[in-house]
Amino acid sequence: MRSATVIGLQWGDEGKGKVIDAFASEADVVVRYQGGGNAGHTVIAKGVKYVFHHVPTGILYPGVTCVVGNGTVLDVVALKTELAELTEQKVALSNLRLSSRAHVVMPYHRALDEAREQARGGTGQIGTTKRGIGPCYADKASRTGIRLADLYDPQRFAERLRRNLDEKNAILVHLFRRPPLAFEPIREACLDAAEALRPYVCDTARVAQDALREGKRVMFEGAQGIMLDLDHGTYPFVTSSSASSAGVSSGAGVPPAAAGKVVGVAKAYTTRVGSGPFPTELLGEPGDRLREIGKEYGATTGRPRRCGWLDLVQLGEAVRLTGCAGIVLTKLDTLAGFGPLKVAVAYERGGKRHDGFPADEAGWEELTPVYEELPAIPADPSYLGATDEDQLPGVAREYVAFVERRLGVPVSVVSTGPQREALIRRGDVLGF
Ligand code: GDP
Ligand code: IMO
Ligand code: MG
């Protein structure tokens, strides 16, 4: 099989969109397999900025089939708007395929997401994107969800919606003291959106399976990052899907081996949106400065991202969990001119070296990173957007080599700017 999986190795927003767009021309099919409108994948191509939430990033290439798999959750109204915006940007959508088995994010999911967050209050909040992701995946697991296919059977859809809405309204009204949601506007909006999506809906597992069998090149596009993975992330401060390479098989309807070569995208430093553990977080002025230089504001919610040093303990765990065989290191240019750089190489707990990740929240709070200091990368605009390693100053090359050495995984690409072309290829990337 000629396939590869590109995933985030940190807490999301590593630059997956930029990287997938840069390599999508080498694929025949790009498949999203988990997550939903919580994702925000930014691409800057030919001077135009695109932000994808549900639609796979490969859509900018007319020859690439773009699949939204059964493991995703789709806010059909938001997706309809996303498609309209892409059409306005002159992006052709004829190669888009949406899984009839994907679950639909309903307005009551968003309302519950918001109500639960507010009820948790202050530090207890997960800091979700409030896109209804958690409640929708919860309904999927509870077997009360509504799938895309259900929208094309209006009678049955209305029955399920009625039943679900009665239950959710009881929770919203009696538990959260919120107004109930009305049935008819939801029914109408869903059916209207379903009509707009109809041309794209099909059995996408078949599309992916056929492509693999025919020897086509298939790239699986991860959303979020391994530290937000439902099982392996910093639970409960995670998303509700399998953001690791392990999600490919169930989320796309292909055998586990179809994930192929796993390529991990990591920022040259670390960011996180929302609450939860972040051992190398830079608080105060340095963190604010990094946020400003790196323009670290969420692509979906616009929230400021928390910023900190690169964490090789965290990345080591990510490499072990995902089996990643190549790393794309993004935003190296952001570190230029920042000053002496620190990289976490170990954790200490109670004054002793601590191996592994704690499962409990309190355990994370007790961790202190052990840093190695690396020389500052000089501010020099001449290598912004560099495409050749020789254009980089020696200290920047040493930073990359340090990461590679410590993780034992080749850095096959260094990204040097947000634009499609701004990257240095150091080796084979997708392994097709
Ligand atoms: P994703 O969710 O992983 O696709 O990442 P986002 O799009 O949410 O956030 C990454 C941000 O960094 C976007 O604004 C990208 O345009 C930008 N970006 C990606 N790679 C680079 C890079 O190498 N250098 C710089 N300066 N910006 C980058
Ligand atoms: P991309 O694909 C960064 C975070 C939220 C919150 C937690 C749970 O652009 O990398 P959710 O709405 O999923 O229930 O929120 O996960 N989160 C992301 N952070 N990038 C993302 O996606 C994210 N998707 C969810 O901020 O902390
Ligand atoms: Mg993002």
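The values are calculated or read from the model by the stated rules, or taken from the named source; none is laboratory data. The structure displayed is predicted, hence computed values, not measured ones. Every residue, glycine as well, gets a Cβ built from its backbone with ideal geometry; the counts of neighbours run over all protein chains shown. We work out accessible area using only protein heavy atoms, side chains counted, and drop any ligands, DNA or RNA first. Shrake-Rupley method; radii C 1.70, N 1.55, O 1.52, S 1.80 Å.
Screening segment 140-157 for residues that are open to solvent by 10 Å² or more (accessible area, probe 1.4 Å) and within 26 Å of the chain's Cα centre (by Cα) and picking the one that is farthest from Tyr108 (Cα to Cα) gives Ala149. Screening Ala78 on (1) more than 12 Å from ligand 1 (Cβ to nearest atom); (2) within 18 Å of Gly302 (Cα to Cα); (3) in contact with a helix residue (DSSP H, G or I) (Cβ under 7 Å, 6 or more places away or on another chain) shows it passes everything except condition (3).
Checking each residue in segment 81-99 for being touching a residue at least 12 places away in the same chain (Cβ under 8 Å), assigned to a loop (DSSP other than H, G, I, E, B) and out of contact with any helix residue (DSSP H, G or I) (no Cβ under 9 Å at 6 or more places or on another chain) picks out only Gln89.
Quick check on my filter: what residues within segment 298-313 are away from ligand 2 (no atom under 16 Å from the Cβ) and open to solvent by 20 Å² or more (accessible area, probe 1.4 Å)? Once the filter is applied, which keeps residues that are away from ligand 2 (no atom under 16 Å from the Cβ) and open to solvent by 20 Å² or more (accessible area, probe 1.4 Å), segment 298-313 yields Trp309, Val313.
Say whether the condition of being among the aromatic types (Phe, Trp, Tyr) and more than 16 Å from ligand 2 (Cβ to nearest atom) is met by at least one residue in segment 331-352. Checking segment 331-352: at least one residue is among the aromatic types (Phe, Trp, Tyr) and more than 16 Å from ligand 2 (Cβ to nearest atom). When Leu172, Leu165 are screened for being surrounded by 15 or more Cβ atoms within 10 Å (Cβ to Cβ), in contact with a Lys or Arg (Cβ under 7 Å, 6 or more places away or on another chain), within 12 Å of His109 (Cα to Cα) and not assigned by TED's automatic domain parsing to the domain that holds Tyr235, only Leu172 passes. Listed by position, the strands (runs of 3 or more DSSP E) inside segment 351-423 whose residues that are open to solvent by less than 50 Å² (accessible area, probe 1.4 Å) number at least 3 are 367-374, 411-415. A single member of Leu172, Leu165, Leu191, Leu197 is assigned to a helix (DSSP H, G or I), within 22 Å of Cys66 (Cα to Cα) and touching a residue at least 40 places away in the same chain (Cβ under 8 Å), and it is Leu197. Output yes when any residue across segment 277-292 is within 16 Å of ligand 3 (Cβ to nearest atom) and open to solvent by less than 10 Å² (accessible area, probe 1.4 Å), and no when none is. No, the conditions are met nowhere in segment 277-292.
Specify the residue that is farthest from Lys331 (Cα to Cα); the eligible residues are those in segment 371-387 that are of a type in the set (Gly, Ala, Ser) and under 29 Å from the mean Cα position of the chain (by Cα). The residue in question is Ala386. Within segment 186-229, track down each residue that is out of contact with any Leu (no Cβ under 6 Å at 6 or more places or on another chain), of a type in the set (A, V, I, L, M) and open to solvent by 10 Å² or more (accessible area, probe 1.4 Å). Residues satisfying the conditions are Ile186, Ala189, Leu191, Ala196, Ala205, Val207, Leu212, Leu228. Of all the criteria given as (1) open to solvent by 10 Å² or more (accessible area, probe 1.4 Å); (2) away from ligand 1 (no atom under 16 Å from the Cβ); (3) β-branched (Val, Ile, Thr), the one not satisfied by Val343 is (1). Checking each residue in segment 14-58 for being near ligand 2 (Cβ under 10 Å from one of its atoms) and of a type in the set (Phe, Trp, Tyr) picks out only Phe52. Report, by residue number, each residue of segment 1-13 that is farther than 14 Å from Val248 by Cβ, more than 7 Å from ligand 2 (Cβ to nearest atom) and either among the hydrophobic types (A, V, I, L, M, F, W, C) or crowded, with 24+ Cβ neighbours inside 10 Å (or both). Within segment 1-13, Leu9, Gln10 qualify. A single entry from Gly63, Gly58 fulfils the requirement of being touching a residue at least 60 places away in the same chain (Cβ under 8 Å) and not in a strand (DSSP E or B): Gly58. Looking only at residues of segment 64-95 that are under 21 Å from the mean Cα position of the chain (by Cα) and among the acidic types (Asp, Glu), we find that the one that is surrounded by the fewest Cβ atoms within 10 Å (Cβ to Cβ) is Glu85.
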